[in-house]
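In what follows, a single structure is set out as structure tokens and then discussed.
The values are calculated or read from the model by the stated rules, or taken from the named source; none is laboratory data. This is a predicted model, so every value here is computed, not measured. Neighbour counts run over all protein chains shown; Cβ positions are idealised from the backbone, glycine included.
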Amino acid sequence: MSRVLRWALFPLLVTLHCGQALAAETGKDLYKTYCWQCHGMTGNGNGINVRDMSVQPRNHSDAKEMSARSDEDLFKAIKHGGQSINKSVLMPPWDGVLSDDEIHALVRYLRELCQCRHG
């Protein structure tokens, strides 16, 4: 590859890398804003609201439990609420608050928390 071409591609590569880092950071920031109260700061399902809840929130750091959920199910649960995937009515729908891109960023962050992929 010519030196000129490498220098021409460099800004594109930096932009792509920064975009991926920003997306990952966005998921973490969104989680800290919308999810930690129930699911806990580390995703262990032990947030500050747990004592007042009749159903224990999902432990997002449990690889086995989270591997059983597809990315599509996680997306649907965040967007339309827990009832949309036959889970707790206490999980609210975030459609109208979060964009689809933000929900996808949250799903990617959930996979980081559990260090897993869906099964």
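Some points to look at:
- So GLN20, is it part of a helix (DSSP H, G or I) and modelled with pLDDT under 95: yes
Conditions (1) at pLDDT below 95; (2) under 14 Å from TYR109 (Cα atoms); (3) charged (D, E, K, R), marked per residue:
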| site | (1), (2), (3) |
| --- | --- |
| LEU30 | no, yes, no |
| CYS38 | no, no, no |
| ASP52 | yes, no, yes |
| VAL55 | yes, no, no |
| SER61 | no, yes, no |
| ASP73 | no, no, yes |
| ALA77 | no, no, no |
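- Within the stretch 58-67, the set of residues being closer than 13 Å to LEU113 by Cβ and of a type outside the set (S, T, N, Q) comprises ARG58, HIS60, ASP62, ALA63, GLU65, MET66.
- Scope the stretch 68-106; condition within 17 Å of HIS118 (Cβ to Cβ) and touching a strand residue (DSSP E or B) at 6+ places or on another chain (Cβ under 8 Å); matching residues: ILE78, LYS79, LEU106
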